[in-house]
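The structure appears right after this line, and notes come after that.
Each reported figure results from applying straightforward, stated rules to the coordinates on display, with no laboratory input. Because the structure is a prediction, the values reported are computed rather than measured. Ideal geometry is used to build each Cβ from the backbone, glycine not excepted, and the neighbour counts take in all protein chains shown.
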Amino acid sequence: MKRPEFDDIKDYAEFCKYYWYRDELIKICKAHGLKATGSKIELNKVVEAYFSGENILPEKKKPIKLRKPTVTELTLNTGLIACGFTFGNRFRDFFKQQTGEENFKFNVDMVQTAKVVKESGDESFTLGDLLDIYNGKKTYATYDKSALQWNKFVKDFCEDEKTKIFSERLKAAAALWKIVRESDMKKEYSHDLLEKYRDTIVRNTSVI
């Protein structure tokens with residue numbers, strides 16, 4: 001089924017029949033003067049509102065002037081903004097000591113949280129709070145992991161020699177991903193999935 005241009009789509013129900021990447025949703029929202037930030041789920045809500053006649057406009061943010069770091073000693077009660085938090089070695093060593101993990105790495109939710117804390121100027125947020133984010137004890141701002149899942153899915157799809165029968169492999173991967181994404185199956189590619197849904201993929205794409 002060939003996907004029409006966005007402006008040719010009549011309603012949200014028709015829009016939902018097709019798979020849209022996050023980057024595509026951002027471009028659509030920007031082109032129509034709508035809010036173009038947030039996760040894929042949030043962007044879909046903006047598009048849904050657009051089809052119902054409501055325009056969710058970009059938020060006008062006042063620039064936040066962050067104060068220069070005022071704290072040198074790091075403790076769990078130290079504020080992220082007060083210590084001038086970065087993802088450099090100093091803070092990596094601090095969390096390495098807190099977790100006991102020699103090869104400590106900041107995860108994506110920590111990165112997203114630190115970004116939002118700085119953008120909002122939240123001086124109450126501490127390094128201890130960020131440690132809780134790492135350990136999954138609390139949530140502040142989460143990273144949209146669907147993009148990571150898709151990237152891994154399409155990588156594994158293309159590495160399967162059997163998928164070379166498709167002349168448009170990315171389109172074929174997207175057709176299979178749509179099936180997986182809308183089900184309760186693991187968001188992972190496997191050859192068994194290809195065999196199970198081969199006919200559906202062929203109907204939506206073309207083979208060599």
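Relative to the longest principal axis of the Cα atoms of the chain, the long axis of helix 40-51 makes an angle of roughly 60 degrees. Here the spin labels are modelled as points 7 Å beyond Cα on the Cα-Cβ line, and at K30 and L170 they lie 1.7 nm apart.
Can you give the helix-only mean residue ellipticity at 222 nm for the chain, where every DSSP H stretch with n ≥ 4 adds -39500 (n - 2.57) and the sum goes over all residues, rounded to the nearest 500 deg cm²/dmol?
-13500 deg cm²/dmol
Bridging of K187 to lysines at a Cα separation below 18 Å is possible for K40, K145, K152, K155, K171, K178, K196, once same-chain residues fewer than 8 apart are set aside.
Taking 0.36 nm per residue of sequence separation and removing the Cα-Cα distance, the Y197/R92 pair yields an extension gain of 33.3 nm. Working from label points 7 Å from Cα in the Cα-to-Cβ sense, the V111 to Y19 distance is 2.3 nm. As a proxy for reagent exposure, ranking L76, L131, L176 by other Cβ atoms within 10 Å from fewest up yields L76, L131, L176. Shape annotation for the chain: C-alpha extents along the principal axes are 62, 45, 25 Å, from largest to smallest. Note on segment 116-208: Cα-Cα pairs beyond 15 Å make up 66% of the total pair count.
Contact order for the chain, expressed relative to its length and based on alpha carbon pairs under 8 Å spaced 6+ residues apart, stands at 16 percent.
If you rank C83, C16 by fewest surrounding Cβ atoms within 10 Å, what's the result? It would help to have the intermediate numbers written out before the result.
On the way: C83 20, C16 15.
So the ranking, lowest neighbour count to highest, is C16, C83.
Dividing the radius of gyration of the alpha carbons in segment 6-51 by their Kirkwood radius gives 0.90 for Rg/Rh. Computed from the C-beta positions of C158 and D8 and an R0 of 30 Å, the FRET efficiency is 0.50 to the nearest 0.05.
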